[in-house]
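Have a look at the structure below before the remarks.
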Amino acid sequence: MAIESNPLSNTNILPPCHCEKSSLNNYRFAILLGGHASEYVRKQYNGVASLFVRMLSDPEEIWDTYHVVDNEFPCDHDLDQYDAFIITGSRHDAHGNEPWVLRLCHLLWNIHHTKKKKLLGICFGHQVKCYIYFSNYIFALDMKSTLKTYSILKIGF
């Protein structure tokens, strides 16, 4: 089976497959919630995370949820345990300067460029994902600050 080269990135486009991991080595996914569920979604599906797990999961997979909109993020040292990340929709501006959005951009930059993990973005999540994939900015974390400030540094391409 041929692998097509993607002209937009250094990654390859592979045909869909059914991956085979043993039950001892389950796939693990993280849902990064960018918003709060409406009353309808809470009543009907028990929240957005439950809706995604219901739509996307297989029985032996492990799914964790982080409320990034409420500043709940996975630790950098925990990123390696995940096979992929799902970034949900949000009412917030994907290009905004809210601290949690900038922190999310920093996290996604690290996941994509350093960890080489898969990302699935839904609406807001897709916008943020494209922003970190294709913009000529890098998200820098100021580790000296006790409040952890984030800044956007322009880099040359």
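Just so you know, all these numbers are worked out from the coordinates, no wet-lab data involved. Note that the structure is a prediction, hence the values are computed from the model and not measured. Cβ atoms come from the backbone with ideal geometry, glycine included; neighbour counts cover every protein chain shown.
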If I model a spin label as a point 7 Å beyond the Cα along the Cα-Cβ vector, how far apart are those points for R91 and H36 in nm? 0.8
How long is the gain from Y27 to Q44 if the chain were fully straight, where each residue apart is worth 0.36 nm and the alpha carbon distance is subtracted? 3.5 nm
So, over other residues within a Cβ distance under 14 Å of C123, counting Lys, Arg +1 and Asp, Glu -1, the net charge is +1
By the mean-Cβ-within-10 Å protection proxy, highest first, 49-61, 103-115 rank as 103-115, 49-61
So what's the net charge close to I86: Lys and Arg +1, Asp and Glu -1, counting the other residues with Cβ under 14 Å from its Cβ? +2
If amide H atoms are built 1.01 Å from N in the plane of the peptide, which residues on other chains or at least 5 residues away come under 5 Å of the amide H of R28? I62, D83, A84
14 Å Cα-Cα reach of K129 towards aspartates and glutamates, excluding residues that sit fewer than 8 places from it in its own chain: D93
Under 5 Å from the placed amide H of G47, counting only residues 5+ away or on other chains, we find R42
In Hz, Karplus ³J(HN,Hα) per residue of the stretch 101-108 (6.51, -1.76, 1.60; θ = phi - 60°; x = Gly, Pro): 5, 5, 5, 4, 4, 4, 4, 5
Checked the stretch 48-113 with the C-alpha gyration tensor, a ≥ b ≥ c its square-rooted eigenvalues, rounded below a/c of 1.5, otherwise prolate if a/b is larger than b/c and oblate if not; verdict oblate
In whole Hz, the Karplus estimates of ³J(HN,Hα) for the stretch 27-40 (6.51, -1.76, 1.60; θ = phi - 60°; x where Gly or Pro) are 5, 9, 10, 10, 9, 9, 7, x, x, 9, 5, 5, 4, 4
